[in-house]
1. Among A:L29, A:L48, A:L96, which is the only one that is touching a residue at least 60 places away in the same chain (Cβ under 8 Å) and not assigned by TED's automatic domain parsing to the domain that holds A:G210?
2. Could you grab me the full set of residues in segment B:37-56 that are more than 8 Å from DNA strand D (Cβ to nearest atom) and within 13 Å of another protein chain (Cβ to nearest Cβ)?
3. Please go through segment A:170-184 and pick out each residue that is more than 7 Å from every other protein chain (Cβ to nearest Cβ) and surrounded by 13 or more Cβ atoms within 10 Å (Cβ to Cβ).
4. Output the number of residues of segment B:99-127 satisfying the condition of being among the β-branched types (V, I, T) and in a helix (DSSP H, G or I).
5. With more than 23 Å from A:P100 (Cα to Cα) and assigned to a helix (DSSP H, G or I) as the only criterion, which of B:L96, B:L72 stands out?
6. Considering only segment A:18-28, I want to know if a residue exists there that is out of contact with any strand residue (DSSP E or B) (no Cβ under 9 Å at 6 or more places or on another chain), within 16 Å of DNA strand D (Cβ to nearest atom) and closer than 19 Å to B:S108 by Cβ.
7. Is it the case, given these coordinates, that A:A102 is more than 15 Å from DNA strand D (Cβ to nearest atom) and either within 14 Å of chain B (Cβ to nearest Cβ) or crowded, with 20+ Cβ neighbours inside 10 Å (or both)?
8. Applying the selection to segment B:57-76, what residues are more than 16 Å from DNA strand C (Cβ to nearest atom) and either crowded, with 16+ Cβ neighbours inside 10 Å or within 14 Å of chain A (Cβ to nearest Cβ) (or both)?
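The values are calculated or read from the model by the stated rules, or taken from the named source; none is laboratory data. Computed from a predicted model, the values in this text were never measured in an experiment. Ideal geometry is used to build each Cβ from the backbone, glycine not excepted, and the neighbour counts take in all protein chains shown.
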There are 2 protein chains.
Amino acid sequence: MGPRKANTPTLTRGQIVRAAMTIVDRDGLEALSMRKLAAELGVGTMSLYYHVPDKSALYDLILDASLREVDLSDDDPDAPVEARVTGVAHAIRDTLLNHPRAAIIAMSRSLRTPTQLRPIEKLLQVLAEAGMSPAQAMQTVNVIGQYAVGVTVMYANHINDSEYRDEREGDYTELTPEEFPAMFQTMQHAEEFGDWDADFEAGLSALIKGLVTDRI
Amino acid sequence: MGPRKANTPTLTRGQIVRAAMTIVDRDGLEALSMRKLAAELGVGTMSLYYHVPDKSALYDLILDASLREVDLSDDDPDAPVEARVTGVAHAIRDTLLNHPRAAIIAMSRSLRTPTQLRPIEKLLQVLAEAGMSPAQAMQTVNVIGQYAVGVTVMYANHINDSEYRDEREGDYTELTPEEFPAMFQTMQHAEEFGDWDADFEAGLSALIKGLVTDRI
DNA sequence: CGTATTTATAGTACGGTGTACGAGATATGT
DNA sequence: ACATATCTCGTACACCGTACTATAAATACG
């Protein structure tokens, strides 16, 4: 095919990003290529480059689209600080887990766009309203934000990794009880844990207690 | 060139991994290719495949080599639990920051090899000696381990990202004070924070307080 | 000693990647 | 009408991981 139409953009940035997320959700992040993306849209590969400068920018757009889904609407300004902070942290986690294969993008680039920074702004507002000093508020937001993103991304990758590794061999352990006594001892209670959500919750409330409640 | 020698391995797994880490530390993880790695060693590309099954395995080996540097030696069995846990967490962080460009590997694959699991075993031992139940110990280890790795990797990537983005344009902010009042308010105290080490410390002690001290 | 086997290195080739460049077509402005 | 801006896309290049195969040197064995 040659040139087709012009000036009536049949192809938009939004469509490109949406198709990209479809591919990432379906086949994984490493399966996303400009060629496959163009094919998914029924369009020439190089047409994408009119709307997106390069693949790195595409990653940013995917992250942006993910974080745009963060739902901060059910925040109650009259609720206690702890509950409000918990709500934002959960919103971040839920959103990232909505697109687990894309979550890793949040780790490899620093947050820049308004959409990406909105949850942070929200946290700062909540802490400011609770009377926390700017320096302490910033530290609290950094720690809790990084905790929420970091731990959730590790969980998302754990899910992906498990799926992938289940269809391979399961020979991954050559651990000896002599070298790893505590692990073997602990593994006998394996039914009692492995709940990542509960673990996240436990860490989150410890952080909020130490960084928010104990600092007024 | 064709085949040269045999049975006197001039090329070893260790040399390959060492050269790979040299490249990663110098040029970044994305600059690591089998071809460049072979060139760095003055060797044919396909020779690498006799010692390493594929590139994914190479990543695992790099992670392994990184984590092998974790120094658990100055752990004092008579120190209070909190100090011992803090020590392990810091050892993990220091090691990851020793090879910041490689740190992201720790996020994308789950820990499997003995070397990778040794810090975890150490934490389990410390908590067991402190009388914590297996289920609670496992949760504590998960949370603190994921916190240490996740937050540190985000820091490492922030460093990389900053260096890279400084030589580009700095136009990255189009934030309006109307939309982001708390951020603008907070930014006026920018000198008082930005200390990632202090932030890490604050979060870590909050976690230890809530997950260890408060649970005996 | 001769010969078979194992160990190790490496060249070639295939199918994939991101994207620079430029050619072409359509719609819009004058 | 024509010039210009907008938009699409084919070709080509350099690079990637690695399957397959050929080759040589060291070793094992008769």
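1. That would be A:L29, the only listed residue that is touching a residue at least 60 places away in the same chain (Cβ under 8 Å) and not assigned by TED's automatic domain parsing to the domain that holds A:G210.
2. Answer for segment B:37-56, where residues must be more than 8 Å from DNA strand D (Cβ to nearest atom) and within 13 Å of another protein chain (Cβ to nearest Cβ): there is none.
3. Passing the criteria: A:P181, A:F184.
4. 4
5. The match here is B:L96.
6. Among the residues of segment A:18-28, at least one is out of contact with any strand residue (DSSP E or B) (no Cβ under 9 Å at 6 or more places or on another chain), within 16 Å of DNA strand D (Cβ to nearest atom) and closer than 19 Å to B:S108 by Cβ, which makes the answer yes.
7. yes
8. Matches in segment B:57-76: B:Y59, B:D60, B:I62, B:L63, B:D64, B:A65, B:S66, B:L67, B:V70, B:L72, B:D75.
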